[in-house]
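Note sheet for the following structure.
Values quoted throughout were computed directly from the atomic coordinates according to the rules given, and no laboratory measurement underlies them. Every value quoted in this text rests on a predicted model; they were computed, and no experiment measured them. Please note: Cβ atoms are built from the backbone with ideal geometry, for glycine as well, and neighbour counts cover all protein chains shown.
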Ligand code: SAH
């Protein structure tokens, strides 16, 4: 990105940038509207700007979005998975899901990830790089352009750890929810983290009415450490406390993600311990039978265990839901496709 990354600029930044070029403030607002409301991807489409200004913009700025490499449509439901390429060739994934209440996009926030959760395919090659705010935004815009739909909900649950790319994710949330841009309500945005305690508190300071999801996946540190290296850094109690403080500060219910792995974290005792740990917190638990990743030896829990787990939580007053599995036939989860494609790309280069 040798030119100014205009897609990642908040409206005030864009106005400042335009002022430096010698143009009036309202031009900055117009350009912001073109990029984030009309969602064009070239300066030539900005037809209410003079040709001269468009030329200057082309010289000084770039619209660095994502490019579609491939897309997979599920035959079981309306889920579509996209493989996008970013500058310098890395591949990321996004997913479009249709629910009763409208369209949701699951965005990636990093190419790769350095958190190392052993059931997750996104982290196998480590962190490649952080995505810019513009690259996160353009996953949504690109999908909207291709499908002719309007996206109303966003989950930051694709490749990467959002709180490990903190500033760009905050910028992304600010721009996507701007009334003169895409105007997606902050209440319809979920940020999912593996539990970086300090960053959860930092996020709480912004008092954004977004939903925080914390990937817990275990009832205690002993089990959590088996598959989440981050548990060696932050104590279980501290993660729960941060989530609970977050709920207090923002008055928003926190979600705990719990992937059920056969024989690892899905027993009755595990459910009972989890219920004790979460007692009294403004929270909701999402139970997700783990998706097996071919490099890993984890199996999903049986339907019977999932139901039993859910019932135990319910009986103890812990609200929970078993998450519907969308796009199972297209590997719509967790960096699986991206990895295969990156590997094939590598093979092609090597041969
Ligand atoms: N890094 C963030 C967000 C990305 S992962 C986080 O950890 O929350 C989004 C969710 O998918 C997380 O809850 C993650 O633990 C979960 N996940 C990753 N691989 C999975 C798998 N194979 N099966 C089920 N859930 C998985």
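Between 47, 193, 109, the GNM of the chain built on Cα springs shorter than 10 angstrom shows 47 fluctuating the most.
For residue 237 and residue 146, what does the FRET efficiency come to when R0 = 45 Å and r is the distance between their Cβ atoms, rounded to the nearest 0.05? About 0.50, to the nearest 0.05. Computing FRET efficiency as 1/(1 + (r/R0)^6) for residue 297 and residue 37, where r is the C-beta to C-beta distance and R0 is 56 Å, gives about 0.75. Quick one: among 101, 206, 141, which has the greatest mean-square fluctuation in a GNM of the chain with alpha-carbon springs under 10 angstrom? Per the Cα network of the chain with a 10 Å cutoff, 101 tops the list. Here the Gaussian network model covers the chain, with springs between Cα atoms less than 10 Å apart; of 310, 138, 192, 310 fluctuates the most.
Using the rule -39500 (n - 2.57) for each DSSP H run of four or more residues, divided by the residues of the chain, the 222 nm mean residue ellipticity is -11500 deg cm²/dmol.
The label-point distance for residue 47 and residue 174, in a model that sets each label 7 Å from Cα toward Cβ, rounds to 3.3 nm. Model label points for residue 12 and residue 267, set 7 angstrom from Cα along the Cα-to-Cβ axis, are 5.4 nm apart. Taking every alpha-carbon pair under 8 Å whose residues sit at least 6 apart, the range 3-71 reaches a relative contact order of 40 percent. Which shape class applies to the chain: rounded if a/c is under 1.5, otherwise prolate when a/b exceeds b/c and oblate if not, where a ≥ b ≥ c are the square roots of the Cα gyration tensor eigenvalues? Prolate is the answer for the chain, as a/c is 1.5 or above and a/b outweighs b/c.
What percent do you get for the relative contact order of the chain when only Cα pairs under 8 Å and 6+ apart count? The value is 15 percent. Report for the chain the percent antiparallel among DSSP-assigned beta bridges with both residues inside it, nearest 5. Around 45 percent of the beta bridges assigned by DSSP in the chain are antiparallel ones. Remark: relative contact order (the range 198-274) = 46 percent; criterion is Cα-Cα distance under 8 angstrom and separation of 6 or more residues. Using alpha carbons only, how many degrees (0 to 90, rounded to 10) separate the axis of helix 166-176 from the longest principal axis of the chain? With rounding to tens, the tilt is 60 degrees.
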